[in-house]
Amino acid sequence: MISSITKRANLQLSYWVDSRNIIRKVDDHWDQAMNNESWSDRASASGIIGKPLSDFICDDVTRMYVATMIESVRVIPHTSFRPYRCDTPGTKRYMQMIITPEDNGWIRISHELIRTEAIAKPAVFKTVADRAQIKHSISTKAEAAKIHFVRCSICNRLHRVGDHASKWQEVDYFTDHESIAIPAKVIYGVCSDCLKALKYSLRKL
C-alpha cells in the first residue's frame, strides 16, 4: 500500500499485518485522515482490514519489494526506515515508510509525509494494468500497446517504454523537454537504483 496512501502533512498513518501479511488493524483515525480528493471505499478501514497487503500494490515487482522489506524485519527484528514518493499531479510528496516488529508477531507499517515540492508543469498519469494482467488479457494487451512510461513505485521517476537507452527521469524532465499525453498511461515497477538501495540496506543487517 504505497501509491494509494494519502494523508495530511505531519500526520502518520499506520496499519498492521500478521505473519501472512494480511492487514489486521489500522489507526483509529485512518478514515478521518484520508485525503477527500482521492478517497475511495476501497481504501477505507472496512475495505482493507482482513485483506492481503499485496491486493493494494499494483505490480509484482513492487509486491516483492515490499514483501522483502517486511520479511527482513521479521527475520532480524529491527525498525526499518524506507524513503519513497507518493506524488499528486502538481506536487512531489516525499514520504517515509517505517516498518516495526511488535511483540504479538504483527508488523506495524507507518507512513509519514516528510515534505512537499511543487511540480512546475503538472502531469496526470493513468495506470493501465500490471504486467501480469497484460500477459493474460487480450483486451489489456491492446491497452498496453498505448503505454507511455514505466513509473517507479518508490521514487516516482519515469522510464519511457521502448527506449532502452534512456535513463529514469523526474517528471519535470519530460514536461520540460517532451510533450506528455494527458493522461499519460503508465505501468508500475521499481527502478534499478531503488532495487540497489534495498539490497544495500539488507546487506548491512
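A few notes on this one:
- When residues of the stretch 1-21 are limited to those that are in a strand (DSSP E or B) and surrounded by fewer than 17 Cβ atoms within 10 Å (Cβ to Cβ), the one modelled with the lowest pLDDT: 12
- Flag if residue 116 is surrounded by fewer than 16 Cβ atoms within 10 Å (Cβ to Cβ), assigned to a strand (DSSP E or B) and in contact (Cβ under 8 Å) with a residue 60 or more places away in the chain: yes
- For residue 76: the one exception among (1) within 13 Å of the chain's Cα centre (by Cα); (2) farther than 19 Å from residue 26 by Cα: (1)
- Checking 109, 182 one by one, the residue that is assigned by TED's automatic domain parsing to the domain that holds residue 62 and either at pLDDT 95 or above or surrounded by fewer than 19 Cβ atoms within 10 Å (Cβ to Cβ) (or both) is 109 and no other.
- Residue in the stretch 39-53 that is surrounded by 13 or more Cβ atoms within 10 Å (Cβ to Cβ), closer than 11 Å to residue 23 by Cβ, touching a helix residue (DSSP H, G or I) at 6+ places or on another chain (Cβ under 8 Å) and modelled with pLDDT of 95 or more present: yes
- Options 165, 129: the member that is modelled with pLDDT under 90, surrounded by 13 or more Cβ atoms within 10 Å (Cβ to Cβ), in a loop (DSSP other than H, G, I, E, B) and not assigned by TED's automatic domain parsing to the domain that holds residue 18: 129
- Residue ID - farthest from residue 180 (Cα to Cα), chosen from residues in the stretch 70-101 that are of a type outside the set (Val, Ile, Thr) and touching a Lys or Arg at 6+ places or on another chain (Cβ under 6 Å): 97
- Close pairs from the stretch 59-88: first over 12 Å from residue 201 (Cα atoms), partner basic (Lys, Arg), Cβ under 7 Å, at least 6 apart: 59/131; 60/131; 85/92; 85/93; 86/93; 87/93
The values are calculated or read from the model by the stated rules, or taken from the named source; none is laboratory data. Note that the structure is predicted; figures quoted are calculated from it, not measured. Every residue, glycine among them, receives a Cβ derived from its backbone with ideal geometry; neighbour counts consider all protein chains shown.
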